[in-house]
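For reference, the structure discussed in these notes is given below.
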Amino acid sequence: MARFIVRRFLSLIPTLFIIITLSFIIIRVAPGGPFSSEKNIPEAIMNNILKKYHMDEPFLQQYLRYMGDVLHGDLGPSYRYVDHDVNFLISHALPVSMLLGTISMLVAVILGILVGIVSSLRQNSWVDYTAMSVAVIGISIPLFVIGPVIMWFFAMRLQWLPTSGWIDSRRGWVTIIMPVITLSFTYFAYIARLSRASILEVLRSDYIRTARAKGLKQSTVVVKHVLKGALLPVVSYLGPAFAGILTGSVVVEQVFLVPGVGRIFIQAALNRDYTLIMGEVIVYSLILVVLNFAVDIIYGFLDPRISYK
Amino acid sequence: MTDETILQVKGLRTYFNTDDGVVKAVDGVDFSLRKGETLGIVGESGSGKSVTNLSIMNLIPNPPGKIMGGEVIYHDTDLLKLSDKGIRAIRGNKISMIFQDPMTSLNPFLRISNQMIETIVLHQKLSKSEARAKAIEMLVLAGIPAAEKRIDQYPHQFSGGMRQRVMIAMALSCDPEILIADEPTSALDVTIQAQILDLMKELTSRLGTAVIIITHSLGVVAGMCDTICVMYAGRIVERGSVDIIFEKPMHPYTRGLIKSVPRLDRKNGARLYSIQGQPPNVIDLPDCCPFFPRCEHAMDICKTKYPLVHDDGNEHRVACWLYGREGK
């Protein structure tokens, strides 16, 4: 087991290396550059700017220089926010996104599993039909539609919640409600359907019949015998769900004006702010591969039939 | 074996609602079981053997299944009228079950110790450590080597035969009065089958447990049982002691079954006998003998009316028009 963990962990390094290299190339290949939107800069000044950021060097040299800096933990200066470097911008925005993402994930997983359990145990009841209809809505409507719709409903029609912004001393935590609903809805819906289907399948299995034949209570059968097996597919879905929450947060932060890494990402992309984009890509991919790694490890603990060699 | 009857099934009917209509999986089954007796229920797939026994335990998945009528009298209580709590106190305690496929009947996510101890603690006033000792004792009885060590393993670390031994140990751990074995050896290979049957026979006779064994193998029945019930299309068509059934089978279906067993003393090159035709579809079965389309002796009355049960006095009963209308 320990050897598996170490090996699996080491395999993260080439993955990250490939992601960084490809992103570096793709960004530079795309037309335009960080300073191309400035108007009428005399050529001498432009050359100075390029020189300052080492962008006059050959491509390979730029790449090696950048990789060297990244290895030292320095993501470089932002090309557009002159007084800030990328480390500063991301380290201030990341906690906001992490909070939003973690709460959304928890809401999606906990509510999703609960609804899945209730629907499967009351299969074909009105509870089940209602929950599954809501889930279909959640899966089929994209975030950028759900966000504005609930914003219109709760903030403008009912005027219960502020339209946008983030947690501050004046308004407290209410600003987090709509971003969390929007971001978690799709994943809640998916987890609810997944756990319902999976619980129904396990309920029909032979070992559940055995558990009933032993005289166990329905609640014991469900909690002890059904859930562990039934939630394995949910655990393996957590990896892709994390990825979806990360990309989803880019949209949600933009819609609700949340000062997180997602908003910075969009601005950085629009500005062709090479180093900031690269920094964001590195942070996102780091989070993603580490969480996928964690899911693999958890899976091994949950299913005794998996042996790591 | 004494004469005390411990279980009586009367007029049991279990139907399943499907998209194609109502499947009458069990349609009026009567039998009784005496203390320590071993009863074999034989029949083809779909004849209602398993559904009969799941109904006894009230374990029919509902929906789609429903017990429509009948009684299951265990000593003086009708198990079908018990509350959920009442029947749970019987399951795994007084009446326990083992199933066909040992590969899927144990929970793959829980250790054997966990699965055995939970049953023992549930039904007996024992602490966890006493229950563990009892579980190990049962595993030893069931022939699991190094039981103290193996009890903490997971099911996938056991072979098929070993898992069935675990199932038997678990089923007998609360000293039940009745053990229902639903095709306990069908999923095992032949050499293991014999071992498992021997083990069941030895343990149940030592503990005085009555056994209902469901099987489609006449060989299993001949070796294990005192009494045989032959089921066809949801009903018992013939019932009698094992000697009588093999010596003087009366129902054409039973005769056909016995004739289709491969025999070592038959001449080389002789073709194996088989009953022609297919088992009937039990949806919307008219009032007739369900066997008549396959029967060599079919008469006009067989097509219009289900036969009355004929009793020849030796507790040998048969439902067939060949034996007239006398008797009950």
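Values in this text are rule-based calculations from the coordinates and carry no lab data. All figures in this text were calculated on a predicted structure; none of them were measured in a lab. Every residue, glycine as well, gets a Cβ built from its backbone with ideal geometry; the counts of neighbours run over all protein chains shown.
The table below lists the values:
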| read-out | value |
| --- | --- |
| Helix-only [θ]222 nm of chain A, DSSP H runs n ≥ 4, -39500 (n - 2.57) each, per residue, nearest 500 | -23000 deg cm²/dmol |
| Cross-link pairs A:LYS214/B:LYS35; B:LYS10/B:LYS128; B:LYS125/B:LYS201 - those with Cα-Cα distance over 30 Å | B:LYS10/B:LYS128 |
| Label point distance in nm, A:LEU12-A:VAL149, each placed 7 Å from Cα along Cα→Cβ | 3.7 nm |
| Rough spin-label spacing in nm, given labels placed 7 Å along Cα→Cβ, for B:ASN281 and A:ARG122 | 3.7 nm |
| Potential lengthening between B:LYS305 and B:HIS156 on full extension [0.36 nm per residue; Cα-Cα distance subtracted] | 48.5 nm |
| For B:TYR306, residues with placed amide H under 5 Å, excluding near neighbours | B:CYS288 |
| Cα-based helix-to-principal-axis angle, A:86-121 vs chain A, degrees rounded to 10 | 20 degrees |
| Total charge dipole magnitude, chain B, about the Cα centre, Cβ charges on Lys, Arg, Asp, Glu only, Debye to nearest 20 | 420 debye |
| Cα-based shape type of chain A, given that a ≥ b ≥ c are square roots of the gyration tensor eigenvalues and the cut on a/c is 1.5 | oblate |
| Chain B - mean residue ellipticity at 222 nm from DSSP helices (-39,500 (n - 2.57) per run, n ≥ 4, rounded to 500) | -9000 deg cm²/dmol |
| Between helix B:128-141 and chain B: long-axis angle, C-alpha atoms, 0 to 90°, nearest 10 | 50 degrees |
| For a label point 7 Å along the Cα-to-beta-carbon line of B:ARG111, residues of segment A:277-309 with backbone N under 19 Å | A:300-308 |
| Extreme residue, positive dipole direction of the protein assembly as shown, given options A:ILE90, B:ASN17, A:VAL252 (C-beta unit charges) | A:ILE90 |
| Point-charge dipole on Cβ atoms (K/R +1, D/E -1) for the protein assembly as shown, about Cα centre, debye to 20 | 280 debye |
| Unit charges at the beta carbon, dipole of the protein assembly as shown: most positive-side option, A:VAL261, A:MET46, A:THR21 | A:VAL261 |
| Separation of the B:ASP175 and A:VAL223 label points, Cα + 7 Å toward Cβ, nm | 3.0 nm |
| Backbone HN-Hα couplings from phi across segment B:270-286 [Karplus 6.51/-1.76/1.60, Hz, Gly and Pro as x] | 6, 6, 6, 5, 9, 6, 6, x, 10, x, x, 6, 8, 8, 6, 5, x |
| Förster-model FRET efficiency, 35 Å R0, B:LYS267 and B:SER45, C-beta, rounded to 0.05 | 0.70 |
| Listed residue (B:ALA210, B:GLN195, B:ILE283) projecting farthest to the positive dipole end of segment B:158-288, Cβ model | B:GLN195 |
| Charge dipole magnitude, Cβ of K and R +1, D and E -1 - segment B:64-220, Cα centre, debye nearest 20 | 440 debye |
